[in-house]
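This report refers to the structure that appears directly beneath it.
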């Protein structure tokens, strides 16, 4: 018990003293996960919107595959990216294996199904609520979709935060493709795993506390956005979106 108490005390000291190694690891984690989240959103939001509004042969199969990928194990993603980026792989000439770039690719593939699936449900719901009425105001095609997404911007922000939380807490894929190289590809989750195996509980606990703080902050922001969205939900989707449409001059 004394040893555990000492570990917690040293962990708190590392956090509040601004330990360079600890905060370098935290910064890399946030950079990698942030880049993966942006890439996943840029691909996943249009993909989810397209799946929500389009119908084509095999549509149900594609949606089923997308929903299945929500439970895709991270180590499988890591293995797939490793095979692609290894010297014998088709993308081996890129030289990305065991770099932060490989970690971004792996995390992007992890969050992409989540973003696309949630975006699909969000667009379907928004479309069902106000598409017909907005048609009457003269909105068509991409402008119509843009109005609906703009009205759901807080929900979209919550979606992106959820994806970031998924990325920043991931360990299996980044361990495989990043190699956990000190000062190069070592992020919070891989450092926690390594230092725990070495018995260095202080650093592992310090990073665990920071990771919990990051995830807790994301949850608080997401909850605030959801509450704000519920308050705005008292206003009609059609009224607010159509007002934006008219102010834009059609």
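Tabulated values for the structure
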read-out: Separation in nanometres of the label points that stand 7 Å from Cα toward Cβ, at residue 31 and residue 181; value: 1.4
read-out: Ranking of 127, 150 by count of other Cβ atoms within 10 Å, fewest first; value: 150, 127
read-out: Packing-based exposure ordering (other Cβ within 10 Å, fewest first) of 188, 103; value: 188, 103
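Taken together, the values in this text are just the output of simple stated rules run on the coordinates, not laboratory data. Bear in mind that the values here come from a model prediction, so they are computed numbers and not experimental data. Here the Cβ is made from the backbone with ideal geometry for all residues, glycine too, and neighbour counts use every protein chain on show.
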